[in-house]
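*Asks:* Before I ask anything, here is the structure I am working with.
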């Protein structure tokens, strides 16, 4: 009895209990011994009768995946208490599978006594909720913990698209010819090799272009082009390649974004083969990326509207499978981009070819590839500088085009921006030189109002047009950012500090009334992460547009530690997951317009615990940015 008491004094969180209480606990303990490799608990199956405190030997805990492999293996030594989180937060079901190792002895405490301790002693209870909150920062843990009912089936489907890599798909060897090869010989080679795509090489055997059946049809047969001419005259470019270790969904997204049908596969610095978009799509019969292809084939704004209305259903399926919110954002963004590109192409077909090179860029959440279903239009146009006599003509064309594009997007479901950050607003359609002056003014004359504009337009990317214009703007900004801009960073940091995590003094989630609902605004809760990451990205001249990509780049540069990167990234995408789930439920189940308000009563205790941990992490980062950019903890 005394030995048990002394042992409990070394075990967290039992060592926080008063000694007289600890004596009572020691009396309630039962000794249980296990032989080597005994399976004690099965994940989400075994109902926990209480908690185990390891006295001798060890436990091994893990998750099984759909193929029977152990995932997230942990070894627990003497002094570890297993089962607390399961009893309190997982409906008494064991969170993980547990196997005893050789010579294992545990002290067992019945859940009745364990619950009584949790109810009476906050510090004791908080240990287990905090432990769980930290675990929920690990996306792999979340994936296995949030298993859907038909886990094997759903996990397999998820694996095929979101965990399958290119080198697991059968691809074709590269068939090529020299760029001086006559067209008719190229066609014969394609027929002999039974390939619909042939690559063209230069004198150094470097691939510089490609030819497809469609190329021969459109550029040779239809144009009655001389087939003795060199293949270089009709070949297509550019060449797009991807590493063999990349994921299938990455290749598909790249193909849709670049409008290319064939992609080269690269391994150890050389091209080992190629694969077609149709081949990858045939491998993914249930993929939402098949849906993206159908969007590209839509013929009217009404059809595009129906396509956009169908996206929440895909998102519901993806989230239900445990797919990470970062990937879901990419899917939504790609669909939205594809719709916008179709609209722009249709408008150009109506009004005629543009009189100058241009880019149509998107801003804000869409610019960051973080679009949700509570969204509006944020866009702008940059066109190349033209001689004075053509300036008004060029400007009139793009303002007309922008107005038509915005009207069609509004009809489809991307509503007009209430702040009027749209290309149809004459303020946001200008020449490249005018845009440079905009950015220069915002940076040099930094006041809170201009900094908001700069932040909005820093989160921008091209979805249509000539990328060289955007490249030139980035080069201009890169040069400007090398000069002292402390005033700009100060006000941007202030923006990142504007919204405090909704935590009360007693670490409860702060809510407000919306009708009969107790809610908090999840968009405002996420804003500090977006804002503070943007400040660090600007300071370090990082031009990635996506918040997650910016975090990775900051980690790679050593600005964020590995721990900071993982904490912030996992926090952000946990919040994004909650936000998307809420919005799809409103659309699919309630048939109501989506918003950004999360009902606190509809969150499980697990989610509430995790949110509290996330809000603490955000608060810690805000303290860091106060010191780094405002020079004070009291700002």
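*Asks:* Assuming 0.36 nm per residue, please report the length gained on full extension of the stretch residue 180 to residue 389 beyond their Cα-Cα distance. Write down the numbers at each step before the final one.
*Replies:* Working: separation 209, 0.36 × 209 = 75.24 nm, distance 4.32 nm.
Length difference between fully extended and current span is 70.9 nm.
*Asks:* Just grab the label-to-label distance for residue 559 and residue 475, each label 7 Å out from Cα along the Cβ direction, in nm (one decimal).
*Replies:* Computed distance between label sites residue 559 and residue 475 equals 2.3 nm.
*Asks:* How do 366, 266, 140 line up, fewest other C-beta atoms within 10 Å first? Walk me through the numbers on the way to the answer.
*Replies:* Working: 366 27, 266 17, 140 11.
Ordered by Cβ neighbours within 10 Å, fewest first: 140, 266, 366.
*Asks:* Now a separate question. Between residue 527 and residue 188, what is the label-point separation in nm under the 7 Å Cα-to-beta-carbon projection?
*Replies:* The modelled label-to-label distance comes out at 6.9 nm.
*Asks:* Please state, as a whole number in µm²/s, the translational diffusion coefficient that the Stokes-Einstein equation yields for segment 494-630 at 37 °C and 0.692 mPa s, with Rh defined as the Kirkwood radius across alpha carbon pairs.
*Replies:* On the way: Rh = 15.9 Å.
It comes out at roughly 207 µm²/s.
*Asks:* Full-extension gain between residue 201 and residue 20, please, as 0.36 nm times their residue separation minus the C-alpha to C-alpha distance.
*Replies:* On the way: separation 181, 0.36 × 181 = 65.16 nm, distance 8.29 nm.
Once the chain is fully extended between residue 201 and residue 20, it gains 56.9 nm.
*Asks:* From Cα coordinates alone, what are the radius of gyration and Dmax values for segment 402-458 in angstrom?
*Replies:* Rg, Dmax (Cα atoms, Å): 13.2, 39.
*Asks:* A follow-up question, please. Set the Förster distance to 45 Å, then compute FRET efficiency between residue 112 and residue 505 from the Cβ-Cβ distance, nearest 0.05.
*Replies:* Working: r = 33 Å, r/R0 = 0.73.
The formula returns an efficiency of 0.85 here.
*Asks:* Based on the Cα coordinates of segment 166-283, what is the per residue volume of their convex hull in Å³?
*Replies:* Working: hull volume 11.7 nm³, N = 118.
Here the figure is 99 Å³ per residue.
*Asks:* Here is a follow-up. Working from the pairwise distances between different alpha carbons, so that the mean of 1/r is found and then inverted, what is segment 1-155's Kirkwood radius in Å?
*Replies:* Details: mean 1/r = 0.0618 Å⁻¹.
Hydrodynamic radius (Kirkwood, Cα only) of segment 1-155 equals 16.2 Å.
*Asks:* While we're looking at this one, here's another question. Quick check: residue separation of residue 517 and residue 219 times 0.36 nm, minus the Cα distance between them. What number comes out in nm? Could the numbers behind the result be given before it?
*Replies:* Numbers: separation 298, 0.36 × 298 = 107.28 nm, distance 6.23 nm.
Extending this stretch completely gives an extra 101.0 nm.
*Asks:* Fewest to most neighbouring Cβ within 10 Å: what's the order for 466, 122, 531? Kindly include the intermediate steps, with their values, before the conclusion.
*Replies:* Details: 466 16, 122 10, 531 21.
Ordered from fewest to most neighbouring Cβ atoms within 10 Å, 466, 122, 531 come out as 122, 466, 531.
*Asks:* At 20 °C and 1.002 mPa s, what whole-number value in µm²/s does Stokes-Einstein give for the translational diffusion of the chain, with Rh from the Kirkwood sum over Cα pairs? List each step's numbers first, then the result.
*Replies:* Details: Rh = 28.2 Å.
Roughly 76 µm²/s, to the nearest whole number.
*Asks:* Let me ask something additional. Based on DSSP, what percent of beta bridges with both residues in segment 329-477 are antiparallel, to the nearest 5?
*Replies:* On the way: 9 of 13 bridges.
Taking every DSSP beta bridge with both residues in segment 329-477, the antiparallel ones total about 70 percent.
*Asks:* Can you give the FRET efficiency for residue 627 and residue 541, using 1/(1 + (r/R0)^6), R0 = 22 Å, r = Cβ-Cβ distance, to the nearest 0.05? Don't skip to the answer; put the middle values down first.
*Replies:* Working: r = 21 Å, r/R0 = 0.97.
With a Förster radius of 22 Å, E is 0.55.
*Asks:* So for segment 166-283: antiparallel DSSP bridges make up what percent, rounded to the nearest 5?
*Replies:* Counting only bridges with both partners in segment 166-283, antiparallel ones make up about 70 percent.
*Asks:* Tell me, what is the FRET efficiency for residue 585 and residue 482 to the nearest 0.05, using R0 = 51 angstrom and their Cβ-Cβ distance as r?
*Replies:* 0.60
*Asks:* Also, quick follow-up: For a quick check: sort 544, 123, 613 by the number of other beta carbons within 10 angstrom, fewest at the front.
*Replies:* Numbers: 544 17, 123 9, 613 21.
Ranked by crowding around the Cβ, least crowded first: 123, 544, 613.
*Asks:* Next question. Using only helices, what value at 222 nm comes out for the chain when you add -39,500 (n - 2.57) per DSSP H run of length 4 or more and divide by the total residues, to the nearest 500 deg cm²/dmol?
*Replies:* Working: 24 runs with 304 residues, N = 635.
After summing the helix terms and dividing by the residues of the chain, the value is -15000 deg cm²/dmol.
Every read-out reported here was derived from the displayed coordinates using simple, explicitly stated rules and does not represent laboratory data. Everything numeric in this text was worked out from a predicted model, so none of it was measured. Cβ atoms come from the backbone with ideal geometry, glycine included; neighbour counts cover every protein chain shown.
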